[in-house]
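> I have a structure here, written as structure tokens, and I will follow up with some questions on it.
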Amino acid sequence: MQESFTKPLNTKLIFSVYFLFVVFIVLILFMTATGNEKNLSSNDIDRLLSQKWSEKNLSPSQQSTDEEFLRRVTLDLTGRIPTAVEVKSFLDDNSSTKRQKKIDELLASEEFGNYMADVWLSILFPSEQKTKGLPKTYALIKYTFADHFNQNKPFNKFVYNLVSADGFVSTNPYALYVSRFETPEDAAGNVMKVFAGKQIQCAQCHKHPYENITQEDFYGVAAFFSRKKILPLLQKDQAQKLTKPITRMEKVIDKARDMEMEMSEEMVNMQEHEKVKKNNDKSKNKNKNKKKYGGIPPQWAIDSLKQKMNNPTFTPDLLVWDAVNGQMEYEIKGVTKVQSPKYLNGASVSSNAGIERRKLFAEHLTTKETNQLAKEFVNRFWKHFFGYGFVNPIDDFTGTDEGTNPELLNMLTEEFAKSNFDVKNLFKLITNTETYQLSSTPNSSNKSDHEYFSRAVLRPMSPVQLCNSILTASGYFSLKNIKDKDGDEIQKIKYRILKLFTYTFNDDEMNETEDFSGTITQALLLMNSDLAEKVTERKPGNSIAQMFNTIKELSDRIDFLYLNTLSRLPSKEEKKNLLSKANNDEAFYENVQWALLNSSEFIFNH
């Protein structure tokens, strides 16, 4: 009896020990592998850049001064210059970690998200559209974007929201992006350029001259956007004309929608890329009937439309949805072809009626193509911080151009993707590098360098930065003043000023210029416009008025104006010259501020 009990006990014991041993080994291997996964550091970035300098016989410039660093990092992370109070506080701080603390402070501020929203509005929407657009619409989407970046939500989620969005813009502001495109071709070209750095629109009429991208590839991407429909509701009477017949004819619409679904199912059985006979009248009539019912809004859209019209307060809006049928057609050598959705360099997708094409494409772009999505973002914002990307133009990646530092670009790409597209983490890494904090003053070895980042490059402020910086220097939009005034009115004023700057600093194609070209229009805007007068003359609450109320010494007033506009104290020679003319006349200080605002030192980010 004793023996029969002991034998199974020993077997169980041996098995248990063996199992624990296996678990222990697996745990050790996992911990070792995890421990070897080292996160990228700012020092790693500097090391790879330094290696490139050695290869190219470049010596880096000296470190930037505290004044230069503060102005640069405040502009790059919040889109404005620092105030006099902020500059003085930073200069008075003697701690060795004050630069790291300032970076953390700026990234944690609400201004960071607000500025990122302005940056992405500039990227996603042409200036002409914003000039014609409604302030309330862009204020809504700006708030949505700002909230996303301030909460540090993943960037790939931001892209997914933009590409897949449907519904009313008033309730889903992301839908404003896809609503701007008139054709599937326009949408495909812009989405791939902005988010993947691929200029596939070059293959719209013929094979891409530099890449292995064919017309079939281009129209395969365009097919994901071929069913997108837009219904503008800009005026209440216009919306009512649409809503009333829809309400009366819902049964007819339901029947038409069923027919649309049936026709879509028929399209599944079509041979893809099959030739269509151009002179077949029967085929033409059949196609006409198919198009007759195309694009009927889904039931959720009709329900939302009725609900919107029952609201006594009408707000202009746009409705975006995807129809249940509609194919992408294109011509090649006089033959019309039907193209199914097809991922770039990937598989085709069925034309199944149940598929929401844009959502499929958004999912693929943000989960399967994470490397290219991350690489384009890293390259775009490396230019944001350094004036040039690793690959230039920043949205034109080709198979032959690896960029000026492919190893660093790949490491930053991997880090960004691995961090779940953590924008703040990436920006913190970059701005904490010694390279980012180099002076813009060149030495004999790097005076011509802009590809390897051995010195900071003089960069003209963007229209957004220039607008925000003028308003900051004027003091009209300090936090104290905003609390005392109507917030909506403040936003309207900012919108009007920004619209003026964006329009003035455009090129002929209504794209924001990357370089300050110094045209007569731009110079007159800064020097002689009503705006220039308003921000420099003394008015209750603005910077000049605050200076007169709180600063009595003439020397201190001059210091204040320099700190508040150029983010530095005047040189001995500048101070001596101005003190010889200084008095208590407010016109003198208004003229000094006007001169500083119109100086090249103010206009450039250095």
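The numbers here are math on the coordinates, done by the rules we state, and not lab data. Note that the structure is a prediction, hence the values are computed from the model and not measured. Cβ coordinates were reconstructed from backbone atoms using ideal geometry, including for glycine residues, and neighbour counts include every protein chain displayed.
> Please turn the phi angles of segment 446-462 into ³J(HN,Hα) values with the Karplus equation 6.51 cos²θ - 1.76 cosθ + 1.60 (θ = phi - 60°), one per residue in order, whole Hz, x for glycine and proline.
With the stated coefficients, segment 446-462 comes to 10, 5, 9, 7, 9, 9, 10, 6, 7, 7, 6, 9, 4, 10, x, 4, 6 Hz.
> Let me know the shape class of segment 417-477, please: from the alpha-carbon gyration tensor, a ≥ b ≥ c as square roots of the eigenvalues, rounded when a/c is under 1.5, otherwise prolate if a/b is greater than b/c, or oblate.
Details: a/c = 2.60, a/b = 1.13, b/c = 2.30.
Here segment 417-477 falls in the oblate category.
> Ok, one more. Could you list L91, L578 in order of exposure, starting from the residue whose Cβ has the fewest other Cβ atoms within 10 Å? Intermediate results must be reported in sequence, preceding the final value.
Values: L91 17, L578 20.
The most exposed by this proxy come first: L91, L578.
> Shifting gears a bit: Neighbouring Cβ atoms within 10 Å as the yardstick, rank V391, V464 fewest first.
On the way: V391 24, V464 21.
Arranged by neighbour count, lowest to highest, V391, V464 become V464, V391.
> Would you kindly calculate the translational diffusion coefficient of segment 531-606, applying Stokes-Einstein with the Kirkwood radius from alpha carbon pairs, for 37 °C and a viscosity of 0.692 mPa s, and quote it in µm² s⁻¹ without decimals?
Numbers: Rh = 12.6 Å.
Here the translational diffusion coefficient equals 260 µm²/s.
> Another question about this same structure. Give me V378, V349, V592 ranked fewest to most by other Cβ atoms within 10 Å of their Cβ, as a rough exposure proxy. Show your work: numbers first, answer last.
Working: V378 25, V349 18, V592 21.
By the 10 Å Cβ count, ascending, the order reads V349, V592, V378.
> How long are the semi-axes of the equivalent ellipsoid of segment 58-185, defined as square roots of 5 times the Cα gyration tensor eigenvalues? Whole Å, largest first. Each step should come with its number before you reach the end.
Working: eigenvalues 256, 46, 41 Å².
Semi-axes (√(5λ), whole Å): 36, 15, 14.
> Excluding S179 itself, calculate the net charge of residues whose Cβ lies under 13 Å from the Cβ of S179, where each Lys or Arg counts +1 and each Asp or Glu counts -1.
Details: positive: R180, K228, K229, R358; negative: D166, E182, D186, D317, D322.
So the environment of S179 carries a net charge of -1.
> Which entries of K101/K552; K539/K581; K52/K424; K142/K539 show an alpha-carbon separation above 28 angstrom in the structure shown? Write out the running numbers ahead of the final one.
Working: K101/K552 33 Å; K539/K581 23 Å; K52/K424 26 Å; K142/K539 30 Å.
Too far apart for the 28 Å limit: K101/K552; K142/K539.
> Once you have a ≥ b ≥ c as the square roots of the Cα gyration tensor eigenvalues for segment 377-434, tell me rounded if a/c is under 1.5, and otherwise prolate or oblate according to whether a/b is larger than b/c.
Working: a/c = 1.87, a/b = 1.42, b/c = 1.31.
In terms of gyration-tensor shape, prolate.
> By average Cβ neighbour count within 10 Å, what is the ranking of 298-306, 413-421, 545-553 from highest down? The partial results should precede the final answer.
Details: 298-306: 15.7, 413-421: 18.8, 545-553: 14.0.
The most tightly packed comes first, giving 413-421, 298-306, 545-553.
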